[in-house]
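Since the structure comes first, as structure tokens, the remarks are kept for the end.
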Amino acid sequence: MKISKLRNITAERMLSLFVPVLVLHFGVASGLTREYIPFTTAKNWTNALFYCRQYYKDLAVVTTDEENQRVHALIGNMADAWLGMYRARLNVNIWLWADQTPSSYFQWDANQPSNNDGYQNCVEMMPEGWNDQFCKEERFYVCYQILVLVKEKKTWEEALQFCRTNYTRLASLSSGTKIQLAEMENKQTQMDMVWTGLRYLNGKWLWVSREPLGKLVSFPSCPAPRYYCGALNTKTHLFENRDCNEEFYFYCYY
């Protein structure tokens, strides 16, 4: 058997068992908002998949025009990037996402998929559209995680523990795009304040995920006692430092 064939079959067989897009039994939660994270270190499809699953949710799933536009805007015209789509082994005309759900949404480039040599089993996004490609090729890649609004009022510490136990962590809304996605989740609620992963520790403000603080956070360098936790005001679209014992809804990443 050809080495290229072995590598491509391996890429498919290394997929783990199906994991639902959102688990709703962890409290009263809502959200299917995918947040995409691009990486410009080239990997083959399998290694990109492993990396995304280790640090995020999975390799990118794209199911709407809006999501496709967001991913395309992230990678721009820089280079091609892996998506989390691959060809089913038992039917070459069926395409699956990395969680093994069949895809009904496609944005193929002209004359694609071509399946050159019969082994182009993984999908990359190019500036012109999607393309089937050999899984062993190294490309940039896009991971995703899901932003979940938990509709239970908790203190900041309780929210932190809830996210760590049932999801992954409190959300870090470190960019304007992330704030917009968060506010989309909050549209149907009447809650003005929602906890985020902002915290004042050891004399400085930080995201508990250790992401860069960014320019959108402007808090006092010496906050009043107990006002050591950061919430998003969904009416003013600004962060506020609040008493950590107040109880708000909160955002988790899944």
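A compact table of results
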item: Sum of side-chain charges, E128 neighbourhood, beta-carbon under 12 Å (Lys, Arg +1; Asp, Glu -1); result: -3
item: Nearest-ten-degree value, helix 156-166 long axis tilted from longest Cα axis of the chain; result: 20 degrees
item: Flagged links, alpha-carbon separation over 18 Å, of K57/K178; K178/K215; K43/K136; K154/K204; K204/K235; K154/K215; result: K154/K204; K204/K235; K154/K215
item: In degrees, nearest ten, helix 45-55 long axis to first principal axis of the chain (Cα); result: 20 degrees
item: Long-range HN-HN contacts of C135 with modeled amide H, under 5 Å; result: N121, C122
item: Contact order relative to length of the chain, as percent, for alpha carbon pairs under 8 angstrom and 6 or more apart; result: 22 percent
item: Backbone HN-Hα couplings from phi across segment 137-145 [Karplus 6.51/-1.76/1.60, Hz, Gly and Pro as x]; result: 5, 9, 9, 4, 8, 10, 9, 9, 9
item: Rounded tilt (10° steps) of 3-13 against the dominant C-alpha axis of the chain; result: 40 degrees
item: Among [x] 20.2, 68; [y] 17.4, 52; [z] 20.7, 76, the entry that matches Rg and Dmax of the Cα atoms in Å as calculated here; result: [x]
item: Around Y56: net Lys/Arg minus Asp/Glu count, Cβ-Cβ under 15 Å; result: +3
item: Among A224, N202, A159 - extreme Cα towards positive end, dipole of the chain, charges at beta-carbon; result: N202
item: Length released on extending from S104 to A79, taking residue separation times 0.36 nm less the Cα-Cα span; result: 6.5 nm
item: Segments 189-195, 121-127, 223-229 sorted - mean Cβ within 10 Å per residue, highest first; result: 121-127, 189-195, 223-229
item: Sum of side-chain charges, E152 neighbourhood, beta-carbon under 10 Å (Lys, Arg +1; Asp, Glu -1); result: +1
item: Selection from F250, H237, A48 lying farthest towards where the dipole of the chain points positive, charges on Cβ; result: A48
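Rule-based calculations on the coordinates, nothing more; no lab input. Computed from a predicted structure; not experimentally measured. Here the Cβ is made from the backbone with ideal geometry for all residues, glycine too, and neighbour counts use every protein chain on show.
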